[in-house]
1. Can you tell me which of (1) crowded, with 17+ Cβ neighbours inside 10 Å; (2) part of a loop (DSSP other than H, G, I, E, B); (3) of a type in the set (Phe, Trp, Tyr) is the one residue 447 doesn't meet?
2. Taking the criterion of being of a type outside the set (D, E, K, R), at pLDDT 85 or above, surrounded by 14 or more Cβ atoms within 10 Å (Cβ to Cβ) and closer than 30 Å to residue 123 by Cα, would at least one residue in segment 208-217 satisfy it?
3. Would you mind telling me which numbered condition in (1) over 30 Å from residue 15 (Cβ atoms); (2) free of Cβ contacts under 8 Å to residues at least 12 places away in the same chain; (3) of a type in the set (S, T, N, Q) residue 285 fails?
4. Residue by residue through segment 92-110, note down the ones that are of a type outside the set (Ser, Thr, Tyr) and modelled with pLDDT under 85.
5. Just name the residue that is farthest from the chain's Cα centre (by Cα) out of those in segment 111-138 that are crowded, with 21+ Cβ neighbours inside 10 Å and of a type outside the set (A, V, I, L, M, F, W, C).
6. How do the pairs read when you match residues in segment 30-52 that are of a type in the set (D, E, K, R) with residues anywhere that are in a helix (DSSP H, G or I), using Cβ under 6 Å and keeping only pairs 6 or more apart or on different chains?
7. Which members of segment 484-495 meet the condition of being surrounded by 14 or more Cβ atoms within 10 Å (Cβ to Cβ) and either in a strand (DSSP E or B) or over 40 Å from the mean Cα position of the chain (by Cα) (or both)?
8. Residue 400: at negative phi and either surrounded by 21 or more Cβ atoms within 10 Å (Cβ to Cβ) or part of a helix (DSSP H, G or I) (or both), yes or no?
Amino acid sequence: MAITVKSEKGLKALFPGWQHLTHYQAAWWRRDGVAGITVAAYLIPQCMAYGELAGVQPVAGLWAILPPMLIYAFLGSSRQLSVGPESTTAVMTAAAITSLAQSGESSYASLAALLALLVGIVYLIAYIARLGFLADLLSKPILVGYMAGVALIMILGQLSKVSGIPIQADGLWGQVKACVLNFNQIHLPTLLLAGMVLCFLLGMRSRFPKLPGPLIAVLLATAAVAFLHLDQQGVKVVGTIPAGLPPARIPPLPLQSISTLLAAAVGIAVVGYSDNALTARSFATRHHYAIDGNQELLALGVANLGTGLMQGFPISSSASRTVIGDALGSKTQVFSLVAFGVVVIVLMFLRPVLALFPTAALGAIVIFAATRLIELSEFQRLWRFRKTEWGLAVITTLGVLATDILVGVAVAVGLSVIDLFARIARPHAAVLGQVPGMAGLHDIKDWPGTTTWPGLIIYRYDAPLCFANAENFKQRVLGAIANETTPVKWFVLNTEAIIDIDITAVDMLEELRQELSSQGIIFALARMKQDLYSQLKGTAFLQQIQPEHIFPTLPTALSAFIAHHQNLSSTDNQLEANG
C-alpha cells in the first residue's frame, strides 16, 4: 500500500497538468473553451510568421505548435502558460542554421528540426541535474536589453518581406545595407499591404485588445489577395501547403556541424527557459499558485523533442498568447487542448485559405510582435532606479545588434555574472552608530548627527566573504580604523549579512585579527548565524577569538565594551591615586 501511495505521489509530481485535469470543474469549460478558440485564432497567423522568421516554411510554425500544446498540458506546472513557437527562439534558430544551410550541409527544415531535438536534450539534462536556477543568471536589465536587441533584429530581418526588395546578402547588417542600396526596387503593392496590416494591428491593439487582431488582419489581407489578384501582381503568398500532418521522423545529423548546433541549442535553451520561467511565475503569482522550475525544464524538454520529431523548430513560451488566454479567463491547460483541436482542423480542412496568406502580412505580424518586446518604459525605469542598470541594458542591446545573436546570449549572461561579482566584490559596508531618537544602530553616513563610541568600531559588511572581496574587506576595515580620531580599542564585526565564507576569506580574517592584535585592538564578533559559526568552527581564526568576545546581539557587544572601558578607567584612576 505504501508503495502504491508513493508511486501515485510520484506520478502526480511528474504530471502536474494531469492532476489539474482530473480535478476539472464543469464551470470552467466555457472560459477555457473561449480562451482556447481565441488563442488558436491568434496563434495560427503568428506561428506561421514565426516559421518564416525561423527560416523554414510558414506551415512548419503550425506543425511546431501541436506537440508543445499537447505535452505541456500534462507535464507543465503552469495553468495559464501558452507554449509553442516564439519570436526569440525563432530568430535564434534562423541565426544558428542560416550559415549551415547556405553551405549546403543540410536543408533549413532538417537543421531546424535537429536543433529542436538538441534543445530538448539540453533541457532534459538540465532537468536531471536540477539546474533550474541557471535562468536567474539573466537579470532584469539584461533581459530588457536583450529582448530589445532581438526585437530590432526581428524588425530589420523583415525589411525584404514587407518591401518586396529582393535581397541576396548574408548577415543582418548585410541585408540592411542591400535593402538601402536597392531602395529603388521597392514593390509598392507589397509595401502598401504590409503597411496597412501593421497599422490595422496597432489600431486593434489600442481599441480592441481582446480580439484576435493578427487573424483578422491576415484574413483581410488574404481576401485582398484573392479578390484583387495581388499574387499575380508580384505579392508573394505562402503557397501550397502539404496535406495532413507531417510524419514523425528523426532528422539526419551532420557530424561536421554538431558543435555549432550544440552551442546554439544551449543558448536557445537558456534564453527560452528564462522567458518561460519569468512568464510562468508572473501568472502563477497573479493566481496564487506555485511554479516548479525543474518541472518546467522537463516539460520544455519533452515538448522540444516532440516538435523536432514533427519537423518543427525550437519552442518556448509565448507571453502574448498567455496574456490573451488569461484575459479571457483560462483556468487550466484545457484551453491549450482546445487550441490544439482548432489548429488540427485548420490544417486538415482549411489549407487553401492558408495558401493565400501573403508573406508581407506575416512580416507585418512579426514587426508588430517585435514592437511589444521593446519596453521603453522599462529603460526609463532603469534610468530612474540606477544608471548602471540602465547601462547594462543598453550595452546588452548593442551587443546583440553588433554580434551574432547567439554571441549576444553569451554577452548577456557574461554581463549578468560580471554585475553580480561587482556587487559581491565591492558591496556596501558601514560603520554603525546611534541616531538620537531612533532605535537600533545605523550607518553613520546615512544619518547626520549619528554618534559613535570613542575607542569602538562596530562594522557591518553587506555581502558573503569570499576570494573576490576578501582584500577589499580588509583594506576597508583598516581604512575605517585609520579614520578614527580616538585610538581604537575594540573592533566588532557585525556578521548579520555574512551568510557564507570561503577559505580565502577565513585566512584573511586571521591575518586581520593578528594585525589588529599587534595594535592592541580586540577583534569581536556579533550576530553570527549558526551556518557561519559551523563554517568557522575549528578554524584558527575562531579559536583565537575569546568566547566572551562573541556576542549574540549588538547591544550586548556595546554593553560589554562600555563595561570593559569603565573597568579600565577605574583601574587607571586607582593607579593614579596610589601613585
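The values are calculated or read from the model by the stated rules, or taken from the named source; none is laboratory data. Predicted model only: the values in this text are computed from it and were never measured. A quick note on method: Cβ atoms are made from the backbone with ideal geometry, for glycine too, and the neighbour counts reach across all protein chains shown.
1. (1)
2. Residues of segment 208-217 of a type outside the set (D, E, K, R): 208-209, 211-217.
Subsequent filtering for residues that are at pLDDT 85 or above retains 208, 216-217.
Remaining after also requiring surrounded by 14 or more Cβ atoms within 10 Å (Cβ to Cβ): 216-217.
Still in the running and closer than 30 Å to residue 123 by Cα: none.
Within segment 208-217 (the criterion being of a type outside the set (D, E, K, R), at pLDDT 85 or above, surrounded by 14 or more Cβ atoms within 10 Å (Cβ to Cβ) and closer than 30 Å to residue 123 by Cα), the answer is no, since none of the residues qualifies.
3. Among (1) over 30 Å from residue 15 (Cβ atoms); (2) free of Cβ contacts under 8 Å to residues at least 12 places away in the same chain; (3) of a type in the set (S, T, N, Q), the lone unmet condition for residue 285 is (1).
4. First, the residues of segment 92-110 that are of a type outside the set (Ser, Thr, Tyr): 92, 94-97, 100-102, 104-105, 109.
Result: 95, 100, 101, 102, 104, 105.
5. 120
6. Filtered contacts from segment 30-52: 32/334; 32/335; 52/58; 52/362.
7. Narrowing segment 484-495 to residues surrounded by 14 or more Cβ atoms within 10 Å (Cβ to Cβ): 484, 488-495.
Within segment 484-495, 484, 488, 489, 490, 491, 492, 493, 494 qualify.
8. Values: at negative phi: yes; either surrounded by 21 or more Cβ atoms within 10 Å (Cβ to Cβ) or part of a helix (DSSP H, G or I) (or both): yes.
Criteria met by residue 400.
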